[in-house]
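The values are calculated or read from the model by the stated rules, or taken from the named source; none is laboratory data. Not measured: the values here are computed from a predicted model. FYI the Cβ positions are ideal-geometry reconstructions off the backbone, even for glycines, and counts take in every protein chain you see. Side chains are part of the model used for accessible areas, which takes the heavy atoms of the whole protein and leaves out ligands, DNA and RNA. Shrake-Rupley method; radii C 1.70, N 1.55, O 1.52, S 1.80 Å.
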Amino acid sequence: MMRIPLSRPSLGEEEKEAVLAVLESGFLSLGEQHATFEREFAEYLGVPYAVSCNSGTSALHMAMLILGIGPGDEVITTPFSFIASSNCILMVGATPVFVDIDPHTYNLDVSQIEARITPRTKAILPVHVFGYPANMNAILDLARRYDLRVVEDACEALGSTYDGKKVGTIGDLAAFGFYPNKQMTTGEGGMLVTRSAEWAELARSLRNQGRGKEGVWLVHERLGFNYRLDEMSAAVGLAQLRKLDRLLAKRAQVARWYDDRLRELPDVVLPPRPAGERMSWFVYVVRFANQQQRDRVMEGLLANGIGCRPYFSPIHLQPFYRQRFGYRPGDFPVTERVARTALALPFFADLREDEVEYVVERIKRYL
Ligand SMILES: *Cc1c(COP(=O)(O)O)cnc(C)c1O
């Protein structure tokens with residue numbers, strides 16, 4: 001039986017050598033690696049400032065703090081995402097206000113946002129779900145009209161473009177994450193990106209226990225955190241970043257292999273592709289005709305050693321959100337319908353064509 005994981009990082013000699021060099025240098029935190037990683041990451045995106053940190057969640061949390069969002073404030077976001085894009089709002093004591101998604105792109109349905117704006121709304125937090133760019137023009141237009149900030153959760157979309165611009169460079173602040181299943185990894189890690197020198201400086205302080213600009217070790221100017229990215233992780237990130245475009249091209253190739261084989265199956269809905277944009281593929285998620293069919297295929301694949309998983313489980317139906325906010329099934333019907341029928345298939349840069357073939361052949365068997 002062929003065993004195929006859901007995801008696997010693409011690591012080579014470059015990463016090994018980079019980590020060993022850090023260990024030999026003896027500088028394990030706040031050395032050259034994270035500074036170089038930040039500079040090259042900012043160059044890759046074409047933004048002036050990138051501040052590294054220890055997770056995408058930390059980057060989102062710092063974005064909320066930088067914007068001064070707190071108790072009594074509301075932030076509009078999507079329930080069809082990884083939990084962190086909503087939890088960061090709770091971390092600062094504010095309230096996430098969900099808007100249902102577009103069934104074709106799985107991103108925020110922008111036509112429903114305006115109705116949820118109140119005098120307490122401070123920001124909109126779109127997620128570029130699965131790498132598909134959110135409708136930023138409509139979001140920026142609302143933000144201008146209602147004087148709101150925009151924080152992009154770009155953790156799943158490094159390298160995707162919107163209107164020719166890389167996502168993460170369009171809103172006020174953007175968060176990226178480098179968990180091992182992402183397009184590039186540092187193990188654990190994240191990056192906060194902005195055009196504001198002042199916000200970048202604030203982020204550097206927040207991630208470093210609230211230390212001031214001079215970084216005097218035992219002077220703390222504000223409540224801060226230990227959100228620093230260590231040098232070994234930064235070295236891995238730098239090696240990954242330098243081959244990112246190759247990794248993205250390989251992921252796009254894997255997506256085409258799946259598309260070409262799954263297109264002929266009438267019950268399978270392929271992942272959406274944005275017209276005229278570059279899509280950075282995070283996961284390959286298909287939908288089935290109904291939940292029974294999805295579950296049958298999922299169990300069949302798992303029994304055959306093939307990793308797969310429903311993606312996502314709606315945030316508003318997580319036990320903690322139900323308890324706290326009283327959400328119930330039916331509150332966000334499009335999100336729930338997509339979640340019931342979606343399945344993420346094995347997807348990573350080094351997945352081979354014969355492995356894709358095998359996965360698709362098993363899907364056909366269980367349809
Ligand atoms: C991966 C991810 C994050 C960040 O996750 P970390 O594990 O904290 O790096 C945030 N939002 C979304 C939508 C993600 O997919």
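Across q = 0.14, 0.17, 0.26 Å⁻¹, the stretch 224-289 modelled as identical point scatterers on its alpha-carbon atoms has Debye log10 I(q)/I(0) values of -0.61, -0.75, -1.14, in the order of the q list. Surface exposure of the chain, expressed per residue as accessible area with a 1.4 Å probe, stands at 42 Å². Surface composition of the stretch 248-345: carbon and sulfur make up 49 percent of the accessible area, probe 1.4 Å. Taking a Cβ cut-off of under 14 Å around N181, the surrounding Lys, Arg, Asp and Glu residues balance to a net charge of +1, with basic ones at +1 and acidic ones at -1. Which shape class applies to the stretch 103-240: rounded if a/c is under 1.5, otherwise prolate when a/b exceeds b/c and oblate if not, where a ≥ b ≥ c are the square roots of the Cα gyration tensor eigenvalues? Oblate shape, in that a/c is at least 1.5 and b/c is the bigger or equal ratio.
Just the projected area, averaged over all directions, of the convex hull on the alpha carbon atoms of the stretch 203-327: how many nm²? Please report the intermediate quantities before stating the final value.
On the way: hull surface 55.5 nm².
Result: a mean projected hull area of 13.9 nm².
Regarding the stretch 296-367, what whole-number volume in Å³ per residue does the convex hull of its Cα atoms give? Could the numbers behind the result be given before it?
Details: hull volume 8.2 nm³, N = 72.
Measuring per residue, one finds 114 Å³ for the Cα hull of the stretch 296-367.
For the chain, the share of DSSP beta bridges that are antiparallel, to the nearest 5, is 60%. Kirkwood's formula applied to the C-alpha pairs of the chain gives a hydrodynamic radius of 21.2 angstrom.
Can you tell me the convex hull volume per residue for the stretch 124-173, based on C-alpha atoms, in Å³ to the nearest whole number?
Spread over its residues, the Cα hull of the stretch 124-173 gives 58 Å³ apiece.
Annotation for the stretch 275-345 versus the stretch 174-194: alpha-carbon center distance of 22 Å. All other residues whose Cβ lies under 13 angstrom from that of R228 are scored, Lys and Arg at +1 and Asp and Glu at -1, for a net of -1.
Report the net charge of residues surrounding D350, where surrounding means a beta-carbon distance below 9 angstrom and charges are Lys +1, Arg +1, Asp -1, Glu -1. It would help to have the intermediate numbers written out before the result.
Values: positive: R8, K250, R352; negative: none.
For residues surrounding D350, the net value is +3.
Of L140, L301, L20, the residue with the greatest mean-square motion in the GNM of the chain, using alpha carbon springs below 10 Å, is L20.
Quick check on the stretch 1-150: what are the equivalent-ellipsoid semi-axes from the Cα gyration tensor, as sqrt(5λ), descending, whole Å? Write out the running numbers ahead of the final one.
Values: eigenvalues 234, 88, 43 Å².
The equivalent ellipsoid of the stretch 1-150 has semi-axes of 34, 21, 15 Å.
Computed from backbone phi, the HN-Hα couplings of the stretch 252-257 come to 5, 5, 4, 4, 5, 4 Hz, rounded to whole numbers (Karplus: 6.51 cos²θ - 1.76 cosθ + 1.60, θ = phi - 60°; Gly and Pro given as x). Largest first, the extents of the alpha carbon coordinates of the stretch 30-95 on the three principal axes equal 39, 23, 19 Å. Using Cα positions and a limit of under 18 Å, work out the lysines in reach of K182, with same-chain residues fewer than 8 apart set aside. Those lysines meeting the cut-off are K166, K243, K250. Would you mind pulling out the separation of the Cα centroids of the stretch 229-262 and the stretch 85-148, in Å? Centre-to-centre distance over Cα atoms comes out at 28 Å. Among the GluC sites (Glu not before Pro) in the stretch 160-232, those located in a DSSP loop and surrounded by at most 10 other Cβ atoms within 10 Å of their own Cβ are E214.
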